[in-house]
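Read the figures in this text as sums done on the coordinates, not as results from a lab. Treat the numbers as computed from the prediction; the structure is a model and nothing was measured. Using ideal geometry, Cβ is built from the backbone for each residue, glycine included, and neighbour counts are taken over all protein chains shown.
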Amino acid sequence: MIKRDFIKYKRLLIILIILFSVGAVFALAQNNNVEATSRYGSRGEEVKQIQTKLKRWGYYNGSVDGIYGTQTVNAVKNFQRKNGLTADGIAGPATLKALGITSSSGSSQTSGTNSSDINLLSHLIYGEARGEPYTGQVAVGAVIMNRVKSSSFPNSIAGVIYQRGAFDAVSDGQINMSPDSTSKKAAQDAYNGWDPSYGAIYYFNPATATNKWIWSRPLTITIGKHRFCK
């Protein structure tokens, strides 16, 4: 009887050890996943990258100090809302990918809608502004984004781009050309909120423009061959 009880006790002990080991491994994996993200209280180079991107795109006004404080949390939340992500203020894999920051935690897919919009935007940028300075390419993308926000234009990227007569690249078919990596990056930057055009909703090339009305629009900045205006 004693021997049988001892065997049962031994088996129970083995089962408990196995369960404890599995739980410990799971907990370690969870902790590693947490450490692979940046959140309130985090410090380091990844936080600086996050702050730099958000500051460039107008979400963050604080110092690029590598300290994930309240201002950074709020900026991340605003960025997440803009990009259709869960607005929890935590820079996890999906948020880092949308920011264009490589993380050791692995990648996560951007939502299909965002990917489609950014892809279309890159086609427009390539068709309209390839060969222009990088800032000028982002500015063209920013014009699209500014029109989406304006009540005077359609409220979607596709609606703005395909509005009848709006862009030569659509009219002459250059919208169908394959964008290069620069145009894709410019589209991502414009989509994320960087606006080198300073709020412009129009742009044109003075050397080829035939519409006199466009010259009456208030100038915001000239980048490369394009004049940007409101």
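Things worth noting here:
- When the C-alpha to C-alpha distance is required to be over 27 Å, the pairs from Lys185/Lys212; Lys53/Lys184; Lys149/Lys184; Lys77/Lys230; Lys55/Lys185 that qualify are Lys185/Lys212; Lys77/Lys230.
- Per residue convex hull volume, Cα atoms of the stretch 42-170, in Å³: 122 Å³
- Available extension along the chain between Ile214 and Lys230 is 4.8 nm, counting 0.36 nm per residue and deducting the alpha carbon span.
- As a size descriptor, the averaged projected area of the C-alpha convex hull of the stretch 45-99 was calculated at 3.1 nm².
- For a paramagnetic label modelled on Asp65 (point 7 Å from Cα along Cα→Cβ), amide N atoms under 20 Å away belong, within the stretch 86-101, to 90-91.
- Label-point separation, Thr52 to Thr135 (7 Å along Cα→Cβ), nm: 1.8 nm
- Segment Asn205..Ser181, full-extension length gain: 6.3 nm, with 0.36 nm per residue of separation and the alpha-carbon distance subtracted.
- Whole-Å distance, taken between Cα centres, linking the stretch 112-166 and the stretch 46-76: 26 Å
- Fewest neighbouring Cβ atoms within 10 Å first, the residues Val140, Val148 line up as Val148, Val140.
- Charge dipole of the stretch 112-229 (Cα centre as origin; +1 on each Lys and Arg Cβ, -1 on each Asp and Glu Cβ, all else neutral): 280 debye, rounded to the nearest 20.
- Cβ-defined net charge surrounding Leu85, 10 Å radius [Lys, Arg +1; Asp, Glu -1]: +3
- Per-peptide packing, taken as the mean over residues of other Cβ atoms within 10 Å, places 37-50, 201-214 in the sequence 37-50, 201-214 from highest down.
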